Structure formats: structure tokens, C-alpha cells
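These notes concern the structure reproduced below.
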Amino acid sequence: EPRLLGGIMDFHHVSVLRKETIANLITDTSGVYVDCTLGGGGHSRALADQLTGEATIIGLDQDRDAIAAATERLSDTPCRHILVQRNFRYISEVLDELHIDAVDGIMFDLGVSSYQLDTPDRGFSYMQDGPLDMRMDRSQGRSAYDVVNGYSEADLYRIIKDYGEERWAKRIAEFIVKERQEKPLERTEELVHVIKKAIPAGARKDGPHPAKRTFQAIRIEVNDELGILKDSLEHAAQRLKRGGRLCVITFHSLEDRIAKQTLRLLATDCICPPDMPVCTCHHQAILKVKRQPILPSPEELDLNPRARSAKLRVGIRK
């Protein structure tokens, strides 16, 4: 369980691009806003500080520790807040349950929280030993243990290559399968050891930690992060009022590519093949998208090196 420190849950997460997100999100200080990735409530707290007592924040997170921490962090804010333990893929269902047709702004922060990364028993960290877990929602079935020990060599290769963009994916998959024949891999430390054996020493000298890409890949697979993103962004855009804002913070090229392509699609009228003489798709743009993403300032990067790959993309409902 998270510890209480001075009345605030010890769910530490430095909210990246916080000022920029809130500045782009708010159109009505008495409006209704959805934080699809509540985390410890950092973005929601910054949002609440700019809103009146008439406003409402709806926070979604599949991690019960995050809900507990955000409840504490938002307890003294004037606006109404409704926190729901649910994955953001269910944004439409949650709004339907609350009898809310449309909202003024919706934000997604797709980074893993510092709390999850830095708590060993959550199994996200390649820097600290813990059980192979990596589930955002610990009530779900599949964990990193199941992926590492149950997936075929071909499937391991596929996810490490596609989701981790790891050049040594084939060798890592081979080494994992060979190692688990002796006994199942149960700890993050064991997986890191196998990855280091698979990657030649010369290739480990420079760049990020050798296990970073593989851990990212397994985390994405366990939580189906990319599979739900496109649909969730489309559902979110549909629930915005005219002029409402959609703010998406991404942290790696795979999810940023999906966010960029999805927002671009939502901002395009006709999506017929170029050689079609007449439009038959009848697709209509519902967003206007800011062309360039917003990047962290040098000052923010000095304070939080984890922000270096972050990008904020903004869409405005037409």
C-alpha cells in the first residue's frame, strides 16, 4: 500500500508539461474536464487550481493506488471531482454512467508514473529487483511473468522488436526461452541478467540501460497500451463540446506515432484513396490539430530528465 506522508499519499509523480497542458486544456473555468490518466493527481491538481467551485474534474485510472493518492491530493480543491478506477478505454461508458454528454477538455498523460517505476514490487523497474508484474491494474490476469515464461520465442521476438524497437530482439528472445527451460524467470533482476547476456558487451557500452527497451515492450504488451490508444482518442474526441480541447502527452515514438496519426485522421475530411474520382467515405473532420507538438522547456528538463522524450499534442473540437 502507498504510505501517507504529511497527509499526501506517497504516489510521487512529476507531472510533465504541466503548465503547457493546463494552458491548452482550459476553455471554461467552470467547465467539465476529464483526466484519462489520473496517476497521483498532479495534472488534475494543477487543473483544479485554475477552476471555480462550479467546475467538475472526472479522473480515470486503472491503478487503485493512483485513485487513493489522487483522492488525497484533490481533497481540498473547490471544484467537484469524481474519480473512477477504470481504464481510459471506457471513457464513453463512464460519461454515459454520469449522464454527461459532452465535456470541455480531455487530457491523456501516457507516461508510467514515477511511483510505479520506483516501487520494486510493481515490477516495472529494470533498476530495482522485484517480481515480474508490470500490471497497471493488478486485478487483471496477465502479468509480465506470464509473457516472459508463456509466450513463444516468435511472439517474444515480435513484441520486443515492435514495441521495444530493440535491435537485439531475436537474441533476447532466444536467451529468455533458453533460460526459462532451466526454471521460470520470476524476478526483474533475473530478466535483466538474461538481457545483458544476450546483448554483446560492445553494444552495452553506450546509450540507455540495456534492458530499457525490452522492459518497455513487455509493459506495453501486458497492459495492451497501444491496442487501446487509437480507439480511446477517437472516443474522447467525440465527447468534446465545440471548441473543447484534447491534450495528449506521449513519451515514446510508438505511442506518439499513433497519437499523431489518429489526431491527423480526426482532422481530415475525406480519407478516400487519392485515385477516387468522387468521395465515398463521407468522413468529416471533427478536430483542428496544432501542427507541431509542444516540447518540454530546458528548465523542465533540468528538473526532470524523464521528460526528455515527452511531446504534447493538442486537438480542438470543430
### Query
ARG187's amide H: which non-local residues (gap 5+, or another chain) put their own amide H closer than 5 Å, with H modeled 1.01 Å from N in plane and none for Pro or chain starts?
LEU132
### Query
How do MET136, MET107, MET127, MET276 stack up against each other in accessible area, from largest to smallest, with a 1.4 angstrom probe?
MET127, MET276, MET136, MET107
### Query
Label points 7 Å out from Cα along the Cβ direction at ASP101 and SER297: separation in nm?
4.0 nm
## Note on the structure
Both in Å, the radius of gyration and Dmax of the C-alpha trace of segment 229-308 are 15.9, 54
### Query
HN-Hα J couplings of segment 73-86 from phi, Karplus 6.51/-1.76/1.60, θ = phi - 60°, integer Hz, Gly and Pro as x?
5, 9, 4, 10, 8, x, 7, 6, 9, 10, 10, 10, 7, 7
## Note on the structure
Once Lys and Arg are counted +1 and Asp and Glu -1 for all other residues with Cβ under 14 Å from that of ASP231, the total becomes -2
### Message
On alpha carbon coordinates alone, what is the Rg over Rh value for segment 69-165, Rh being the Kirkwood radius?
### Response
1.05
### Query
Given the pairs LYS288/LYS311; LYS196/LYS230; LYS230/LYS288; LYS212/LYS311; LYS161/LYS290; LYS170/LYS230, which are separated by over 25 angstrom at their Cα positions?
LYS196/LYS230; LYS161/LYS290; LYS170/LYS230
### Query
Non-local amide H neighbours of GLY59 (under 5 Å, H modeled in plane, Pro and chain starts lacking H): which ones?
ASP35, ILE82, LEU83, VAL84
### Query
Size of segment 14-68 along its principal axes in angstrom, Cα-based, largest extent first?
29, 23, 15
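State the percentage of accessible surface on the chain attributable to carbon and sulfur atoms; use a 1.4 Å probe and exclude ligands, DNA and RNA.
Answer for the chain is 49 percent, counting heavy atoms of protein chains only.
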### Summary
accessible surface per residue for the chain, probe 1.4 Å, DNA/RNA/ligands not counted, whole Å² -> 49 Å²
### Task
Kindly state, as a whole number, the per residue volume in cubic angstrom of the convex hull around the alpha carbon atoms of segment 98-240.
132 Å³
### Message
Can you list residues from other chains, or at least 5 along the same chain, whose modelled amide H is less than 5 Å from the amide H of GLY243?
### Response
ARG317, LYS318
### Query
Just how many % of Cα pairs in the chain lie over 34 Å apart, if you round to the nearest whole percent?
27 percent
#### Entry: Relative contact order (%) - the chain, alpha-carbon pairs under 8 angstrom, separation at least six
17 percent
### Per-pair calculated FRET efficiency, R0 = 30 Å: SER139 and SER253 via Cβ, rounded to 0.05
0.50
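The values are calculated or read from the model by the stated rules, or taken from the named source; none is laboratory data. A quick note: this is a predicted structure, and the numbers were derived from the prediction, not measured. Neighbour counts run over all protein chains shown; Cβ positions are idealised from the backbone, glycine included. Surface areas here come from the heavy atoms of the whole protein model, side chains and all, with no ligands, DNA or RNA. Shrake-Rupley method; radii C 1.70, N 1.55, O 1.52, S 1.80 Å.
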